[in-house]
Amino acid sequence: MRYLKLLPLLAFCCFKLQAQTLDKNKQYNVAVVGFWNVENLYDTLNDQWKNDEDFTPDGVNAWSGPRYRQKLEHLSDVISQMGTDANPDGLAILGLCEIENKSVVQDLVNTPKLKARNYQIVHVEGPDARGVDPSFIYNPKYFKVTAYTSYHVKYITDTTHKTRDQLVVSGLLNGEPVTVIVNHWPSRRGGEMKSRPNRISAAESARRITDSIVKADPKAKVIIMGDLNDDPTSKSVKKYLNTSGDFNNVKDGQLFNAMENYYIQGTGTLAWDDAWNLFDQIIMTKPFVKGDYKDWQYYTARIFNKPFVKQEYGNFKGYPLRTYAGGVYTAGYSDHFAVYVLLMKELVKK
């Protein structure tokens, strides 16, 4: 387990919105936990059970081997850099969404920039009509899986429609129990108001899973991460997940949303109609913010929005540099920025 003294940490916390207080005389273990909607990570093969025809060599996107390999290279470039200034090993845990199958994740973790980390995969095929699912990778040096499962989300506005499952992975983060729920909530297709009941249904599902874990252990550490297709202040998040953006004032029964203050101050992870949204969120149970670094505690949150993942010019300057825009191949990364949090734990010298 890597550790850092406080002084190097001060170099990056100055441009973060909010961070807990650390003791400058102590050293801390650092774990990096992230999430990224990687925008349509499909292989080039036509799966007869999925609506993936657009992402084949003969499909409208002309999705070829070279384009697929470039996509993997771009994704690995971002993933390999996330959190490395806090921990040279980078991400201990990363949730992903818009993943076609386990095979594409295997190709991703086997890219030259990631292979040495020996990332392992948890992936469960779900019912989504497009064939995309949430997925989970982890560095076994930091995290050991003890159990995993997935839960269906009820789609309210069309009971015949199948949406993405919620992937639940439990394990030990440096020996401490942690459960992660990876989400990709129903989209806003048809309008935000009309589609809202579907995301409320997803929020209720994630909250039920969390509450069942906390009921068994009130000190349980649960992380809800994902593309929620809603902002931190949306009803589905604030009311139905019952979140707070202030780690100093998380009430009993509330969850802490590490991304809320970014959104309030105008920073987002995707843009639409000249406005920023922050759909990509990391939310956690209260024991992560109690302030006692004897066990894993939230320190700060980040959005990975370095210049190379942004559109450099034109009407969409500063937006995420996506793979396709308006049906045109733009050879980018994703239509979402990645997000991650730093967890700290006091290093006890033996």
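The values are calculated or read from the model by the stated rules, or taken from the named source; none is laboratory data. Predicted, not measured: the structure shown is a model, and the values here were computed from it. We place every Cβ from the backbone using ideal geometry, glycine too, and count neighbours over all the protein chains shown.
Side notes on the structure shown:
- Checked against (1) surrounded by 15 or more Cβ atoms within 10 Å (Cβ to Cβ); (2) touching an Asp or Glu at 6+ places or on another chain (Cβ under 8 Å); (3) touching a residue at least 40 places away in the same chain (Cβ under 8 Å); (4) not hydroxyl-bearing (Ser, Thr, Tyr), Gly90 passes all but a single condition, namely (2).
- Residue that is surrounded by fewer than 15 Cβ atoms within 10 Å (Cβ to Cβ), more than 20 Å from the chain's Cα centre (by Cα), more than 27 Å from Val30 (Cβ to Cβ) and not hydroxyl-bearing (Ser, Thr, Tyr), where the choices are His152, His161: His161
- Meets criteria (hydrophobic (A, V, I, L, M, F, W, C), surrounded by fewer than 18 Cβ atoms within 10 Å (Cβ to Cβ) and either in contact (Cβ under 8 Å) with a residue 12 or more places away in the chain or over 22 Å from Asn305 (Cβ atoms) (or both)) for Ala62: yes
- One residue from Ile99, Ile121 being of a type outside the set (Lys, Arg) and in contact (Cβ under 8 Å) with a residue 60 or more places away in the chain: Ile99
- Segment 287-318 - residue that is of a type in the set (Phe, Trp, Tyr) and not in a strand (DSSP E or B) and, of those, surrounded by the fewest Cβ atoms within 10 Å (Cβ to Cβ): Tyr313
- Of all residues making up segment 234-269, the number that are surrounded by fewer than 21 Cβ atoms within 10 Å (Cβ to Cβ) and either within 16 Å of the chain's Cα centre (by Cα) or farther than 23 Å from Ala220 by Cα (or both): 6
- Condition met for Tyr148 (out of contact with any Asp or Glu (no Cβ under 9 Å at 6 or more places or on another chain) and closer than 18 Å to Pro186 by Cβ): no
- Residue match in segment 140-147 (condition: surrounded by 20 or more Cβ atoms within 10 Å (Cβ to Cβ) and not in a helix (DSSP H, G or I)): yes
- Residue count for segment 319-350, restricted to those that are in a loop (DSSP other than H, G, I, E, B) and under 22 Å from Asn29 (Cα atoms): 4
- Qualifying residue in segment 28-47 (condition: more than 17 Å from the chain's Cα centre (by Cα), within 18 Å of His123 (Cα to Cα) and modelled with pLDDT under 95): yes
- Test: residue in segment 104-113 that is over 19 Å from Ile209 (Cβ atoms), of a type in the set (Asp, Glu) and either surrounded by fewer than 23 Cβ atoms within 10 Å (Cβ to Cβ) or over 16 Å from the mean Cα position of the chain (by Cα) (or both): yes
- The condition of being farther than 28 Å from Gln81 by Cβ, touching a residue at least 24 places away in the same chain (Cβ under 8 Å) and not basic (Lys, Arg) holds for only one of Gly332, Gly253, Gly327, that being Gly327.
- With respect to (1) more than 22 Å from His74 (Cβ to Cβ); (2) modelled with pLDDT of 95 or more; (3) over 16 Å from the mean Cα position of the chain (by Cα), the lone exception for Tyr293 is condition (2).
- Any hit, segment 319-338, residues being touching a strand residue (DSSP E or B) at 6+ places or on another chain (Cβ under 8 Å) and loosely packed, with under 13 Cβ neighbours inside 10 Å: no
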